[in-house]
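**Student:** Below you'll find the structure I mean.
The values are calculated or read from the model by the stated rules, or taken from the named source; none is laboratory data. All figures in this text were calculated on a predicted structure; none of them were measured in a lab. Here the Cβ is made from the backbone with ideal geometry for all residues, glycine too, and neighbour counts use every protein chain on show.
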Amino acid sequence: MTVIAAGIGVSGAFDGQRRPIDLPAIDHPDQTASLVETLRSHLPDGEPAIAVVPTWGPPPQRAAYATTRRVLGPHRLLIVDTSLPPLAAALVVAGLGRVLQRFARAEAAVSLASAIESQIVSLAWTSSVAGLEHVDVPMSLHARSYVSRRGFVVRVAPAPSARPADGSALDLGLSEGSRALVADVDGNETWRGGVLREALRPAKIDLVSAPEASKAWWGARRFIEVAATVGTPDALLSAALAKQPLVDCAWCGEPSRRERCDRCGAGLAMDTPVGVGGASLPPIDHEAAPPAPPPGGASPPALSSLPPPSPDPSHTEHKEPRT
């Protein structure tokens with residue numbers, strides 16, 4: 001199974017993992033047909049894929065992926081929306097890829113997307129906040145953008161905020177083994193070598209090229225973009241599972257976090273979580289046969305819940321009008 005990064009840019013985020021399909025942003029509706037053909041050529045027959053589509057991307061992009069999903073089929077292409085900045089969105093892509101290494105179903109990964117996002121820290125040093133559109137910034141800071149030489153610290157996740165870069169310490173809540181991506185575009189070397197270095201001390205730091213979309217997202221000519229997981233990649237998955245436990249569906253075997261199975265619609269008993277409290281995560285078995293029906297010969301809910309067929313007009317009883 002494959003993860004698609006839709007106009008995000010993912011360089012350097014996937015050590016030891018199968019790389020996603022990194023596609024450029026779609027900025028015109030005419031590119032939809034090309035997207036359909038690209039995915040048809042990249043995806044093996046019958047294999048589902050997950051597309052991580054940023055909400056801040058070009059408006060035609062979300063419509064293009066929605067149309068492509070209808071063409072390929074809803075089980076061939078699943079869509080995850082994210083509002084995180086480019087580097088943090090790349091960590092979401094990486095997190096979904098790690099889930100797919102442990103679970104055989106794309107639906108299981110999609111159901112954990114929001115929990116993965118909650119374990120990611122996103123911030124930046126920027127030379128100005130005058131062009132920042134994605135975080136609420138006080139007017140006083142907008143005014144200081146024209147005179148400040150120290151720049152600003154803007155946090156996006158877990159809690160949005162903005163303040164002058166005055167040298168005060170950053171508490172990012174990272175633990176030993178955390179993963180951090182840092183992209184420096186002519187940023188403040190003093191802040192990077194002092195405040196940021198100290199805040200990222202527990203983490204494994206990877207210096208990466210800034211994604212193409214980062215400059216527009218932060219609205220600044222100079223910036224240092226930072227995205228980090230609060231723990232190791234495996235701890236990220238465990239934390240996501242603890243926050244949104246998965247339960248194996250008795251009918252189709254699909255792990256799901258909802259009261260009804262994401263795949264077949266069966267009702268789930270939410271008292272046997274998978275991968276929480278020391279339970280082992282199920283290995284991927286691509287050769288496994290389809291799961292057997294549940295005991296008692298019950299029909300699958302997806303079939304039993306279908307409405308009855310409409311009556312055939314040719315068999316409608318004819319009644320004489322009353323006189």
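**Student:** Kindly evaluate GLY193 against the criterion of being surrounded by fewer than 16 Cβ atoms within 10 Å (Cβ to Cβ) and not assigned by TED's automatic domain parsing to the domain that holds ILE50. Please lay out each step first, then the result.
**Tutor:** On the way: surrounded by fewer than 16 Cβ atoms within 10 Å (Cβ to Cβ): yes; not assigned by TED's automatic domain parsing to the domain that holds ILE50: yes.
Spelling it out, GLY193 is indeed surrounded by fewer than 16 Cβ atoms within 10 Å (Cβ to Cβ) and not assigned by TED's automatic domain parsing to the domain that holds ILE50.
**Student:** Give ALA89, ALA130 a once-over and let me know the one that is at pLDDT 90 or above and closer than 24 Å to LEU170 by Cβ. Talk me through it step by step, then tell me what you get.
**Tutor:** Working: ALA130 fails: at pLDDT 90 or above.
Just one listed residue meets the conditions, ALA89.
**Student:** Continuing with the same structure: Considering only segment 169-223, state which residues are of a type in the set (Val, Ile, Thr) and in contact (Cβ under 8 Å) with a residue 24 or more places away in the chain.
**Tutor:** Selection gives VAL182, VAL185, VAL195, ILE205, VAL208.
**Student:** Scan ALA159, ALA130, ALA94, ALA108 and give me the residue that is of a type in the set (A, V, I, L, M, F, W, C) and more than 19 Å from the chain's Cα centre (by Cα). Can you show your working first?
**Tutor:** Numbers: ALA159 fails: more than 19 Å from the chain's Cα centre (by Cα); ALA94 fails: more than 19 Å from the chain's Cα centre (by Cα); ALA108 fails: more than 19 Å from the chain's Cα centre (by Cα).
ALA130 is the lone residue from the list that is of a type in the set (A, V, I, L, M, F, W, C) and more than 19 Å from the chain's Cα centre (by Cα).
**Student:** Out of curiosity, is ILE50 part of a strand (DSSP E or B), in contact with a Leu (Cβ under 6 Å, 6 or more places away or on another chain) and of a type outside the set (Ser, Thr, Tyr)?
**Tutor:** Yes: the conditions hold for ILE50.
**Student:** Scan the strands (runs of 3 or more DSSP E) fully inside segment 143-227 and keep the ones with 3 or more residues being within 17 Å of ALA89 (Cβ to Cβ) and touching a helix residue (DSSP H, G or I) at 6+ places or on another chain (Cβ under 8 Å).
**Tutor:** Working: elements: 152-157, 161-164, 179-185, 204-207.
In segment 143-227, 152-157, 179-185 are the strands (runs of 3 or more DSSP E) which contain 3 or more residues that are within 17 Å of ALA89 (Cβ to Cβ) and touching a helix residue (DSSP H, G or I) at 6+ places or on another chain (Cβ under 8 Å).
**Student:** Within 19 Å of LEU23 (Cβ to Cβ), touching a residue at least 40 places away in the same chain (Cβ under 8 Å) and surrounded by fewer than 22 Cβ atoms within 10 Å (Cβ to Cβ) - does that describe any residue in segment 103-110? Break it down into steps so the answer makes sense when it comes.
**Tutor:** Going through segment 103-110, the residues within 19 Å of LEU23 (Cβ to Cβ) turn out to be 106, 109-110.
Filter once more, so that each one left must be touching a residue at least 40 places away in the same chain (Cβ under 8 Å): 106, 109-110.
Add one more test, that the residue is surrounded by fewer than 22 Cβ atoms within 10 Å (Cβ to Cβ), and what stays is 110.
Yes: one or more hits.
**Student:** Which members of segment 193-233 meet the condition of being polar (S, T, N, Q) and under 25 Å from ALA130 (Cα atoms)?
**Tutor:** From segment 193-233, those polar (S, T, N, Q) are 209, 214, 229, 232; that's our starting set.
Scanning segment 193-233 gives SER209, SER214.
**Student:** Taking segment 29-42 as the search range and keeping residues that are over 20 Å from the mean Cα position of the chain (by Cα) and among the aliphatic types (A, V, I, L, M), which one is surrounded by the fewest Cβ atoms within 10 Å (Cβ to Cβ)?
**Tutor:** Only one residue tops the list, namely ALA33.
**Student:** Of all residues in segment 72-86, which are in a helix (DSSP H, G or I) and either under 12 Å from the mean Cα position of the chain (by Cα) or modelled with pLDDT of 95 or more (or both)? Spell out the reasoning first.
**Tutor:** So in segment 72-86, the residues in a helix (DSSP H, G or I) come out as 72, 86.
Of everything in segment 72-86, just one residue is in a helix (DSSP H, G or I) and either under 12 Å from the mean Cα position of the chain (by Cα) or modelled with pLDDT of 95 or more (or both), namely PRO86.
**Student:** Related question: Out of all the residues in segment 22-45, which are in contact (Cβ under 8 Å) with a residue 12 or more places away in the chain and either on the phi > 0 side of the Ramachandran plot or of a type in the set (D, E, K, R) (or both)?
**Tutor:** Of all residues in segment 22-45, those in contact (Cβ under 8 Å) with a residue 12 or more places away in the chain come to 22-29, 31-32, 35-36, 38-40, 42-43.
Passing the criteria: ASP22, ASP27, ARG40.
**Student:** Right, next: Could you tell me which of the residues ILE26, ILE4 is surrounded by 16 or more Cβ atoms within 10 Å (Cβ to Cβ) and within 18 Å of ALA106 (Cβ to Cβ)? Steps first, answer last, please.
**Tutor:** Details: ILE26 fails: within 18 Å of ALA106 (Cβ to Cβ).
The match here is ILE4.
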